[in-house]
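For reference, the structure discussed in these notes is given below.
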């Protein structure tokens, strides 16, 4: 009996080890499967985009179909303006909300705000587009850069808030106490000591928010709309890189597709570079605690 | 404080705004809006059923593919890979999450959809064609392609949160399993079991993202308002109908109905996200207390 | 189980208690050194643990007693950059001849803090280890569960609550549950890493009581920072200091007339 048990045990152990190996390999395969699309998309975009990326792309206006050349300068400038507009109010609100949530953490109100921020980050961007449409486009009776910027600003808030909050939490409590003990008021402590200590972290948050907003398409479709001409007036429709990509991508013309790939490559590079910067900055600073 | 409150104000304003702007459609169609599959701008007959169906099915396909892969990735990152490999692959996956959806959609049009049409779907039809899900003409653009692209997009989200949740499980749990003679996989299984509410939260969060995703889906789902059993058939989702029709809507009732679709989308994502945050919060708080 | 006499060359080491010459070592080490990131945590330890006896390892914090204990069931595997050199003989076989899973079944471990599986019930916790080995006969599992819970002195308290979550038990009960869980796999040696340091005095005394019963069938090795506990429960006591084994002798000898000066200083509270 005992011997049989032992035999059974041995056979069983072999089976368990086989299962162990199979499952662990499956996990490794899963990781590979998740990384492959990234590498594929990245290199495909680079391959298709680099060939049509030239000096004109950054300096010339789009040409109508049929004419060679042309670029996306209006869309590039448009994206910069839209992000600037959005950042103008999205970033301060985001940072201040982050300060509030972190420095007054624990209170009911700060929990509510935190929850609302999370909810806001989960709202589909197209819904934000509808919101901006109703609030700005309808009363103005016109698609405008203002509406697009507003939508992007709202989308930036949750990202900035979350990172500000996380970075402020990493500032040691003793630093705050030291400042408060010197008789410096709470508000000044936050502003001069805590915020300054966390500033590089917060900047990375802002960068991430900008990178995210730069690629947003859905909320711009019916706010800033699009524009094939040069325009910097805020109450007029304005071009942007992602919307331009979208319009080119669903067009039937190869020449436009190539332009779109070039735009896509620019966007993907921005995302890649920003993430790399963020990674390097946060690793240097918080390698111990993160 | 003021700014923190403004964020609450913004979210309330979004709800109010969409509620008011959709009043025309809500008054005319009532709850029938959700159950009607008519969508005829010319006759001013609107119902959202086909879009709800498209959103739900494409998101479920995405989850079915993304969940097992994400868990595999998370296990790989937190339990198998060494520190260097783990952080670098973790970084790649974070970038995957940051790539603008327009680029996924673009890639979907030119790479994924043709591949689906020419290789993958005919292959499925050959071997699994007896299942109604895999019958009909392989269009390439349709429900299945949308689901797959969504799966690629939500895998990074689910896997990075699952990884964090797994890392929050105390080492003592793993030691306990090992000390009883568990194999590595058996110990991991125990940790996964422990983390299940956190993993559920991550899944729900991924679902929220899939439901609200606009551009990528719009570009590959085929945009045809129909309910078909076959996953090869084109379909339409809530977010894509708004993206496609909003800017050129033909009259007040059309706009109002689109906004109502947006309102439903908002409501659904709101519930999904609150649920997800609650689940993740309950796990990480427990870990904090330890 | 194979029985083996302590190797004579180990016996001649001066740190082996004299009365054990006829005893049987369940576990012994020769020149055991463990390093983390190339810093030695314990160095050149030669020690033997007698079968069916309780041996306590005492010493100030950081002296390497937990490290020594954890090297007996490959728990260092879980820590990157750790390295074990020297020889460990477990139940007459070199430790290298076991794989980690097989070894851990022979050498069970109870941890400092109770760590029941939170998602499993009391019953499921007890039989968790058996489930791995593929034993799924319900009647058998129930029988084993009852036996080991009785051994760990928990049966009377939980026999009506086998289906509740393990987290519903008190800390002391959880620790006894962890002991029962370890027993269920039927190991020969049980390692206990400060098993009562997180518990109140009453729970502690209950666990000490069950330790007393357990030594009839098991070899116990207990790391403790509580000298009174070592004096109460163990047959032999080892004193470690700065990663070295200073002295191993019968508990009575260690606490009344230790041969080493360092031991005496520690016992009498001059330092530590």
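Every number here is computed from the coordinates shown, using simple stated rules; none is lab data. Small disclaimer: the values here were computed from a predicted structure and weren't measured. Note that we place each Cβ from the backbone using ideal geometry, even for glycine, and neighbour counts take in every protein chain shown.
Remarks
- At an R0 of 35 angstrom, the distance between the Cβ atoms of residue B:34 and residue B:196 translates into a FRET efficiency of 0.65.
- Mean residue ellipticity (222 nm) of chain B, computed from DSSP H runs ≥ 4 via -39,500 (n - 2.57), nearest 500: -23000 deg cm²/dmol
- Simple label model, 7 Å out from Cα along Cβ direction - residue C:81 to residue A:108, nm: 4.9
- Size check on region C:8-267: the Cα extents along the three principal axes, sorted descending, read 52, 38, 37 Å.
- Angle of helix C:171-184 to the longest C-alpha principal axis of chain C, folded into 0 to 90 degrees and rounded to 10: 90°.
- Here region B:160-203 and region C:210-272 have alpha carbon centers that stand 36 Å from each other.
- Inter-label distance, residue B:23 to residue A:59: 5.5 nm, where each label sits 7 Å from its Cα along the C-beta direction.
- Placing pseudo-labels 7 Å out from each Cα toward the beta carbon at residue A:269 and residue A:203 gives an inter-label distance of 2.2 nm.
- Chain A: most fluctuating residue of A:80, A:171, A:206 per GNM, C-alpha cutoff 10 Å: A:171
- Region C:8-267 - share of DSSP beta bridges that are antiparallel (%, nearest 5): 60
- Anisotropy class of chain A from Cα gyration tensor, a/c 1.5 cut: oblate
- Normalised radius of gyration (Cα atoms, divided by 2.2 N^0.38 Å) for chain B: 1.14.
- Helical runs (DSSP H, four residues minimum) scored at -39500 (n - 2.57) apiece and divided by the length of chain C put the mean residue ellipticity at 222 nm at -9500 deg cm²/dmol.
- Distance between region C:54-81 and region A:29-103 - C-alpha centres, whole angstrom: 54
- Förster radius 41 Å - calculated FRET efficiency between residue A:250 and residue B:128 (Cβ-Cβ, nearest 0.05): 0.85
- Calculated FRET efficiency for the pair residue A:10/residue C:36, C-beta based, R₀ 45 Å, to 0.05: 0.85
- Mean residue ellipticity (222 nm) of chain A, computed from DSSP H runs ≥ 4 via -39,500 (n - 2.57), nearest 500: -24000 deg cm²/dmol
- Rg(Cα)/(2.2 N^0.38 Å) for the protein assembly as shown, N = residue count: 1.15
- Fluctuation leader among A:195, A:146, A:138 - chain A, Gaussian network, Cα springs under 10 angstrom: A:138
- Gaussian network model of chain A, springs between alpha carbon atoms under 10 Å - residue of A:241, A:81, A:116 with greatest fluctuation: A:116
- DSSP-defined antiparallel bridges as percent of all bridges, the protein assembly as shown, nearest 5: 60
- Cα gyration tensor shape of region B:1-89, rounded if a/c is under 1.5, else prolate or oblate by comparing a/b with b/c: oblate
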